[in-house]
Amino acid sequence: MLRKNLKFRNIILLLLLIPFMSNAQNLTGKEIIEKVYYRDDGDDRRGKLTMTLINSRGDQRVREIKQFDKDFGKEEKKIMFFLSPADVRNTSFMNWSYDDPAKDDDQWIYLPALGKVKRISSDSKDDYFMGSDFTYDDLGDRHPDEDTHKLLREETVDGEECYVVESMPKEDGYMYSKTVTWVIKDKWIGLQKKFYDEDGDYLKILNVKDYKKYDGILVITHSEMHNVQKDHKTVMKYKDIELNAGIDSGYFTERMMTRGL
């Protein structure tokens, strides 16, 4: 009798768990990418970036950057100031992203040699940023509704259980024919992302090497973009990070870009 009661209780427990198990198993590719896009990253963020450019011969160029990000309702604004070396010092870049798939990011760059702020046109979004392996478009936030997403499979990468999602652009002529992203389950971080060029050839891969928790929020602290066609790599390391620091809205202006820190 006791054994029957235990068996009955186990059946009831299993029935209660089924809805939760189904929800976890039935996530669509779009829902997974939305979880990445809307993952909590605090109200504002600031820190120092070290950008290391490595060519096919192993030669390195190192750049130090101060970065500020802040949420403004459904907008996110980011500004970067180059601190060193001397040839890029006082260069600045600003990006405004919108939670609207119909609205492209607004981007500006300030080059001290020109003495004025230049707006990045939509035709220049596929240009590479400051000699790195990141395009201007990569520096913005691509809205999930701009692509169609398909869950391909589940895999374990570097000990992390991941969803593998293929994303294909809805518009014609986009710089990438598709991307494939390995998303860590329950953390909603893109651990790995492969990019394919307009001809469908494998172009580059973004790998997240490390992330840490600040005030309960996961922050990517080390990532590497490797252009396999050029055998060129950009290593990004993020340090001295502060979240919810109350960054002044006045940082995110063209005037601030020219004035610098």
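Computed from the coordinates by the stated procedures, all read-outs in this text should not be read as laboratory data. Because the structure is predicted, anything quoted here is derived from the model rather than measured. Here Cβ is always computed from backbone atoms with ideal geometry, including for glycine, and neighbour counts include all displayed protein chains.
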Query - Per-selection Kirkwood Rh - the range 146-231 (Cα, Å, 1 d.p.) - result: 13.9
Query raised in the report: Just how large is the dipole of the chain about the Cα centre, in debye to the nearest 20, putting +1 at every Lys and Arg Cβ and -1 at every Asp and Glu Cβ?
Result: 1060
Query raised in the report: Hey, got the dipole for the range 154-261? About the Cα centre, +1 on K and R Cβ, -1 on D and E Cβ, debye to the nearest 20?
Result: 440
Query raised in the report: In the chain, how does Rg compare with the Kirkwood Rh, expressed as the Rg/Rh ratio over alpha carbon atoms?
Result: 1.05
Query raised in the report: If amide H atoms are built 1.01 Å from N in the plane of the peptide, which residues on other chains or at least 5 residues away come under 5 Å of the amide H of Thr148?
Result: Met168, Lys170
Requested in this report: Provide the net charge surrounding Leu111, with neighbours chosen by a C-beta distance below 15 Å and charges set as Lys +1, Arg +1, Asp -1, Glu -1.
Outcome: +3
Report task. Quick one: which residues, 5 or more positions from Met175 or on another chain, have an amide H under 5 Å from its amide H? H modelled 1.01 Å from N in the peptide plane, none for Pro or chain starts. Result -> none
Requested in this report: Would you mind checking which residues have amide H under 5 Å from Phe134's amide H? H placed 1.01 Å from N; only 5 or more apart, or other chain.
Outcome: Phe129
Query raised in the report: Quick one: if the Förster radius is 51 Å, what FRET efficiency do Leu27 and Lys116 give, using the C-beta to C-beta distance and rounding to 0.05?
Result: 0.60
Query raised in the report: At a Förster distance of 25 Å, what's the computed FRET efficiency of Glu254 paired with Tyr37, Cβ-Cβ distance as r, to 0.05?
Result: 0.40
